[in-house]
Amino acid sequence: MTIFQQIEHIELICNNCNTTRFVTDDVTGEIDCSNCGFVISENTEDRGIGYRNFLDNVRTGPGISLKMHDRGLSTIIGIQNKDSIGKPLSANTVQTFNRLRKWDSRTQTKNSSDRSLRNALQELDKIQSKIGLSDTVIERASLFYRKASEKNLVRGRTVRGIAAACMYAACKDLEHPRTLTEISEHFQIKRKDLARSYRSLFRELQFTVSITDPIKSVNKIASKIEVKEKTIRKAVQILNAAQDAGIVAGKNPEIMAATAIYAACIITGEKKSQHEIATAANTSTVSIRNRILEFKTKLDLFSTVN
């Protein structure tokens, strides 16, 4: 008989009430008397089956991510010049590790395509916080850039332009309302260059892009000009009526949302100018006037919408 079998056969008795009924707390490791609550033992070992939690990355490290150049699989030499027990390294050893860090950084990019991929992913990571996008959008944009790099679409074009086009494609794919003008301003490139790069990606990668719903742009524009909630609900009502009438398809969603907000402001009596709304939507007042005329004729806007 082993030692563990001998321990299991020992009968525990409560020193306080002389009972033999106990309760084990798996969290704190305590063995308590079920009658009086007296603690018999504490910090006991868990001899049950150990299940692995795959969501816990304390021992396994972070998961694979397309946002990282090496997908998070490779290791790097740390920047702390200390050994395993925390003792500082000597001067000669510090110089040696500095050279090792330099060569380790250089070997992670083998050719020009790897270097451009690394620069593009860094650009996407910097723009993420500026535009306020989620990690899912950046993951999708990184996937598009990797596909574009495999098809040699980056050659002859700027890395920043292709990265911006991939981010715009990811926003459209995941239905995040971001315009060409907004993304081009953050990437500091011309809108025309961004549109050209996106068209080439659309042809070569054969994107299946869903049509952007203009209702999703209403809150973004309304928050910039600070309109009331009553006006926002009225604008959504107008867009729903426009979709039923079939006048939204093929139109710029930002212009349609701005037009609906302007019409809602007229109906609710909130004083917002066309120029103020057009500036918030990155469009022109002429576009809003053209669409408002279409709303009047096809929806009979200011008489049927209450």
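Numerical summary
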| quantity | calculated |
| --- | --- |
| Index of the failed condition, residue 216 passing every other in (1) in a helix (DSSP H, G or I); (2) at pLDDT 85 or above | (2) |
| Total residues in the range 219-232, condition without any contact (Cβ under 8 Å) to a residue 60 or more places away in the chain and either assigned to a loop (DSSP other than H, G, I, E, B) or surrounded by 18 or more Cβ atoms within 10 Å (Cβ to Cβ) (or both) | 7 |
| Residue within the range 106-113 that is loosely packed, with under 11 Cβ neighbours inside 10 Å, of a type in the set (Val, Ile, Thr) and assigned to a helix (DSSP H, G or I) present | yes |
| Index of the failed condition, residue 200 passing every other in (1) in the same structural domain as residue 144 (by TED's automatic domain parsing); (2) at pLDDT 90 or above | (2) |
| Residue in the range 159-178 that is among the acidic types (Asp, Glu) and loosely packed, with under 15 Cβ neighbours inside 10 Å present | yes |
| Those residues of the range 233-254 which are closer than 20 Å to residue 279 by Cβ and in contact (Cβ under 8 Å) with a residue 40 or more places away in the chain, in sequence order | 251, 253, 254 |
| Count of the range 151-172 residues which are in contact (Cβ under 8 Å) with a residue 12 or more places away in the chain and closer than 12 Å to residue 200 by Cβ | 9 |
| Matching option when the condition is hydrophobic (A, V, I, L, M, F, W, C), touching a Leu at 6+ places or on another chain (Cβ under 7 Å) and either in the same structural domain as residue 197 (by TED's automatic domain parsing) or touching a residue at least 24 places away in the same chain (Cβ under 8 Å) (or both), among 148, 120 | 148 |
| Residues of the range 229-245 satisfying the condition of being small (Gly, Ala, Ser) and over 10 Å from residue 218 (Cβ atoms) | 241, 242, 245 |
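The values are calculated or read from the model by the stated rules, or taken from the named source; none is laboratory data. Computed from a predicted structure; not experimentally measured. Ideal geometry is used to build each Cβ from the backbone, glycine not excepted, and the neighbour counts take in all protein chains shown.
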